[in-house]
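Heads up, the thing below is written out as structure tokens.
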Amino acid sequence: MQSNYPFKSIEEKVRSYWDMELTFSVSEDSKKPKYYCLSMFPYPSGKLHMGHVRNYTIGDVLSRFHRMLGFNVLQPMGWDAFGLPAENAALQNKSAPAAWTYSNIDYMKHQLKQLGLAIDWKREIATCRPEYYKWEQWLFTELFKKKLIYKKISTVNWDPVDQTVLANEQVIDGKGWRSGAVIEKKEIPQYFMKITEYADELLRDLDGLEGWPEQVKTMQRNWIGKSYGCEIEFSIKDHADHVKIYTTRPDTLLGVTYLAIAAEHPLASLIKKNNPTIEAFINECSRGSAAEADLATAEKIGIDSGLRAIHPITQKEVPIWIANYVLISYGSGAVMAVPAHDERDFHFAKKYNLNIEQVIEPIDAKTMNLEEGAYTDYGRLINSGEFNGLEFQEAFDAIVNKLTSLHKGKKTTQFRLRDWGISRQRYWGCPIPIIKCHSCGEVPVPEKDLPVVLPESIVMHGVGSPIKQDESFYKTTCPSCGKPAERETDTMDTFVESSWYFARYPSYNNQNAMVDERSDYWMPVDQYIGGIEHAILHLLYARFFNKILRDLGLIKHSEPFKNLLTQGMVLKNGTKMSKSKGNTVDPQSLIDQFGADTARLFIMFAAPPEQSLEWSDSGVEGANRFLKRLWKAVYDHHTKGKIAPYKEGELTAQTKNLRFELHQTIQKITDDIQRRHSFNTAISSVMELMNTFAKVEGEDAITVSVKQEVIQNVILLLNPFVPHICHALWDHLFNTAIDQEVWPKADPSALIKNEYEMVIQVNGKLRGNMLVSADLTQKDIELMALENEDVKRFISLESKVKKLIFVPKKLINIVTG
Ligand code: ANZ
Ligand code: ZN
């Protein structure tokens with residue numbers, strides 16, 4: 001053993017030992033409890049960033065800790081490898097997205113390995129590999145047959161210059177991010193997954209996810225957005241049709257002054273046929289972004305359709321307007337407008353001079369001013385005839401009942417959640433396994449013909465997808481009638497791959513099934529770790545897929561992730577570390593300069609995992625200094641030679657105290673890691689223990705022996721955090737592999753303090769304190785107090801001790817007079 005901490009050589013040596021021994025390769029073992037620890041897999045963007053290091057270190061600490069507790073631990077890793085950045089990079093280099101992706105994977109895998117993660121690498125997945133996406137395609141065909149995937153015309157963002165469809169985030173201020181062209185809406189057929197069929201269950205099951213942060217559950221609840229309301233039918237004057245609207249505020253029915261329908265509403269399409277002004281307006285609405293968020297901020301515009309609706313209760317006529325703020329995809333694409341009580345309607349009515357009629361008045365001290373804006377709170381009904389005086393819930397029920405009896409409406413619920421459009425008109429994604437036949441329609445590719453392989457050796461010339469021009473890809477024959485047919489050339493949203501990868505790891509090498517019975521052993525994931533940016537979509541889709549797989553009989557559990565930890569961001573100078581901000585610290589240079597253990601220790605010590613972590617060079621140096629001191633302490637100790645075990649009775653006060661602190665630390669750290677996920681406080685307790693350790697002097701056999709006990713346990717306690725150095729130190733001390741060791745247990749006998757401190761007062765004033773041994777009687781302790789040098793001075797000779805007040809284990813008050 002050398003006296004200086006040689007991080008480079010030990011880290012390499014230890015890692016090749018793990019590789020050779022297959023230390024972290026696991027299989028199902030019914031004799032052990034399992035622990036499936038999963039960190040969100042990375043997108044192979046080029047190289048690791050600090051956020052990855054943080055994410056994967058947290059996962060690794062939990063994995064190694066549970067392994068030492070005796071769990072059979074699965075920690076897999078893979079690559080979320082399809083996606084747009086590969087196309088953009090390939091376009092720049094005139095190369096292939098596949099080549100770029102695979103070389104990034106190679107490099108990043110090398111980096112991950114350097115971090116010393118306890119990963120079972122034989123299970124590595126790359127979602128762009130046919131052996132992975134074959135099963136995604138198979139699932140697609142199953143869901144298509146079950147009508148859980150269907151085709152529907154829907155709106156996309158069309159870039160007229162690049163002749164391509166853009167994702168919402170590629171439309172910036174209504175213009176294409178590359179071409180700068182004004183983006184148009186275009187209607188094209190696309191595939192949708194019926195996630196709405198699971199909306200109720202996805203909502204309900206959130207209640208059972210006790211191991212999830214409240215914040216994430218709230219975000220999911222809001223996204224699913226269940227609302228209770230009613231559907232109301234308005235008949236149209238001199239017209240056979242009627243307009244159906246959805247409202248959550250039937251209590252405001254008597255305040256309706258117009259109806260508004262979406263530009264894409266069938267009624268609007270009908271009237272535009274012989275009305276060029278209206279046609280022009282509808283065309284204007286079809287420009288601009290299709291994103292809901294953009295619509296919410298866009299200026300509200302509208303046009304009077306000329307049609308008049310009949311109010312179902314008052315029978316009065318109200319105009320029907322076509323308005324851009326009404327979404328075709330929500331409710332029934334039409335609203336009853338109540339300008340007095342809805343913000344959007346209010347602004348619209350002001351702009352177009354429509355009536356504003358108040359029907360709700362505030363209860364209690366709330367105030368309102370209809371000159372300034374709508375009163376949107378609940379209240380008491382006025383100007384509503386027979387319903388006057390009712391409050392929200394009574395009014396809701398009474399009006400819904402009335403409409404029901406008139407056959408003009410009924411109670412309904414609505415979800416904000418939409419079906420998931422998964423078609424992408426891009427190249428670098430999983431091909432949609434459908435064949436389009438003139439005679440048979442859409443025919444799913446039969447299982448025996450799967451996978452539909454995406455050609456990888458292509459060159460990106462323009463932004464369009466190469467497979468859309470590649471006859472050898474899309475020309476085929478129909479699997480049902482044998483006539484010439486064409487393949488679908490759209491690919492799937494890359495969120496699809498990450499919606500089921502967790503279920504594939506257990507069955508990673510099964511070539512005949514998507515998942516097999518091994519998933520019953522490993523699923524659900526016990527601990528999932530990743531960024532809060534995935535709180536909504538990824539986690540919702542993954543929960544949805546888990547339920548689909550369950551309903552196909554492939555897996556048993558209803559929820560994929562038992563516990564969820566969302567790690568905070570890595571900041572530098574208060575802002576997020578990111579390439580675009582130019583404030584990144586390259587994990588590679590950190591590893592090169594100080595080693596992986598220093599990087600891991602700093603990251604885990606600098607902040608609680610859920611909070612943001614502020615980068616600090618001095619923090620990194622501090623972590624490195626601690627490891628150097630640890631190395632030195634073990635080295636110095638090691639040179640003392642053979643150490644005999646001590647006997648309980650031989651311990652001195654000093655060694656007893658050291659043992660007390662050691663075992664208290666064991667207890668605390670175990671709880672910090674397991675229950676609180678408070679890794680930073682766990683590390684600081686070891687640091688404190690090492691400080692005490694350094695202060696304990698004496699070369700006698702007993703002291704050295706107790707110090708040995710401390711060192712041995714400190715190495716075990718630090719092993720999940722800094723596994724390389726611990727492996728090397730353990731090897732030096734015991735000549736065995738630490739990977740076989742179990743997590744230390746606190747010795748209860750060391751935790752019984754057989755001395756405690758008592759305070760001594762004279763006439764209520766603090767005058768001194770003393771250490772009292774646990775086996776003394778009250779009489780002994782009182783005598784001790786009276787004999788105490790600090791106290792004696794305050795009991796003057798002539799004053800007699802009148803009485804002693806004794807509070808066990810706390811204080812003695814000597815009352816004189
Ligand atoms: C009348 C009304 C009066 C409304 C009032 C609100 C306040 P949530 O809660 O999100 O479900 N709405 C219905 N369909 C719409 C569509 N396709 N596009 C835009 N808005 C639509 O919202 C339901 C409310 O959103 C409905 O209740 C309707 O406006 C509007 F004082 O109806 B309300
Ligand atoms: Zn056919």
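Summary of the geometry: segment 137-175 and segment 1-31, compared by the centres of their Cα atoms, lie 46 Å apart. Using only alpha-carbon positions in segment 376-431, the gyration tensor eigenvalues give semi-axes of 44, 15, 8 Å once each is multiplied by 5 and square-rooted (largest first). Shape analysis of segment 773-817 yields a ratio of the Cα radius of gyration to the Kirkwood radius, Rg/Rh, of 0.97.
Seen from every direction in turn and averaged, the convex hull around the alpha carbons of segment 356-408 projects onto 4.2 nm².
Between the alpha-carbon centers of segment 46-108 and segment 203-230, tell me the distance in whole angstrom. When both Cα centres are located, 30 Å separates them. Of the two radii for segment 177-322, the radius of gyration is 1.05 times the Kirkwood radius, both from the alpha carbons; that is the Rg over Rh value. According to the calculation over all Cα-Cα pairs in segment 246-370, the P(r) per 5 Å bin from zero is 2, 10, 20, 23, 20, 13, 7, 3, 1, 0, 0 %.
Among the trypsin sites (Lys or Arg not before Pro) within segment 76-131, which fall in a DSSP loop and have no more than 10 other Cβ atoms within 10 Å of their own Cβ? Walk me through the numbers before you get to the answer.
Numbers: sites: Lys94, Lys109, Lys113, Lys122, Arg123; in loops: Lys94.
In loop regions of segment 76-131 (DSSP not H, G, I, E or B), the sparsely surrounded trypsin sites (Lys or Arg not before Pro) are Lys94.
Hand me the trypsin sites (Lys or Arg not before Pro) from segment 678-781 located in a DSSP loop with no more than 12 other Cβ atoms within 10 Å, in residue order please.
Details: sites: Lys695, Lys707, Lys745, Lys753, Lys765, Arg767, Lys779; in loops: Lys745, Lys753.
Here the sparse-neighbourhood loop sites are Lys745, Lys753.
Quick one: pull the percentage of alpha-carbon pairs in segment 412-451 with a separation above 12 Å. Cα-Cα pairs of segment 412-451 separated by over 12 Å account for 72 percent. In whole percents, the pair-distance distribution calculated for segment 667-723 from its alpha-carbon pairs, binned every 5 Å from zero, is 5, 17, 26, 23, 14, 9, 4, 1. Taken over the Cα atoms of the chain, the convex hull encloses 251 Å³ per residue. What percentage of all Cα-Cα pairs in segment 192-243 are separated by more than 16 Å? Roughly 59 percent, once rounded to a whole number. A Stokes-Einstein calculation at 4 °C with viscosity 1.567 mPa s, built on the Kirkwood radius of segment 531-576 over Cα pairs, returns a diffusion coefficient of 104 µm²/s.
Stokes-Einstein diffusion for segment 638-732, with the hydrodynamic radius set to the Kirkwood value over Cα pairs and evaluated at 25 °C in a medium of 0.890 mPa s, equals 175 µm²/s. Across all C-alpha atoms in segment 715-766, the radius of gyration and Dmax reach 20.6, 62 Å.
Do any GluC sites (Glu not before Pro) in segment 362-401 lie in a DSSP loop with no more than 13 other beta carbon atoms within 10 Å, and if so, which? Display every interim value, and only then the final one.
Numbers: sites: Glu371, Glu372, Glu386, Glu391, Glu394; in loops: Glu371, Glu372.
Those that pass, being in a loop and sparsely packed, are Glu371, Glu372.
Please list, short to long, the whole-number percent of alpha-carbon pairs of segment 456-576 in consecutive 5 angstrom bins beginning at zero. Percent of pairs per bin, in order: 2, 9, 13, 14, 12, 12, 14, 12, 8, 3, 1, 1, 0.
Dividing the Cα convex hull volume of segment 373-526 by residue count, how many Å³ per residue is that?
Looking at segment 373-526, the number lands at 307 Å³ per residue.
Dividing the Cα radius of gyration by the Kirkwood radius, what Rg/Rh value follows for segment 1-143? Please report the intermediate quantities before stating the final value.
Working: Rg = 17.8 Å, Rh = 17.2 Å.
Rg/Rh for segment 1-143 comes to 1.03.
Once the convex hull of all Cα atoms in segment 553-604 is built, its volume per residue stands at 177 Å³.
Counting DSSP beta bridges with both partners in the chain, what percentage is antiparallel, nearest 5?
Working: 75 of 99 bridges.
Antiparallel bridges make up about 75 percent of those DSSP assigns within the chain.
When the C-alpha to C-alpha distance is required to be over 26 Å, the pairs from Lys194/Lys436; Lys146/Lys244; Lys113/Lys579; Lys32/Lys745; Lys109/Lys579; Lys448/Lys483 that qualify are Lys146/Lys244. At q = 0.26, 0.29, 0.31, 0.33 Å⁻¹, what base-10 log of I(q)/I(0) does the Debye formula yield for segment 646-690 when every alpha carbon is treated as an equal point scatterer in vacuo? Per q value, in the given order, log10 I(q)/I(0) is -0.84, -0.95, -1.03, -1.11. Given R0 = 51 Å, the distance between the Cβ atoms of Lys803 and Glu648 translates into a calculated FRET efficiency of 0.80.
With all projection directions averaged, the alpha carbon convex hull of segment 1-56 covers 6.9 nm².
Can you give the percent of C-alpha pairs in segment 104-191 whose distance is more than 16 Å?
On the way: 2717 of 3828 pairs.
The share of Cα pairs beyond 16 Å in segment 104-191 comes to 71 percent.
Calculated translational diffusion coefficient of segment 574-709 (4 °C, 1.567 mPa s; Stokes-Einstein with Kirkwood radius over alpha-carbon pairs) equals 75 µm²/s. Taking one quarter of the surface of the C-alpha convex hull of segment 206-289 gives a mean projected area of 9.3 nm².
For the chain, what does -39500 (n - 2.57) per DSSP helix run (n ≥ 4), summed and divided by total residues, give at 222 nm, in deg cm²/dmol to the nearest 500?
Numbers: 26 runs with 297 residues, N = 817.
The per-residue figure over the chain is -11000 deg cm²/dmol.
Read the figures in this text as sums done on the coordinates, not as results from a lab. Worth saying up front: this structure is predicted, and the values here are computed from it rather than measured. Every residue, glycine as well, gets a Cβ built from its backbone with ideal geometry; the counts of neighbours run over all protein chains shown.
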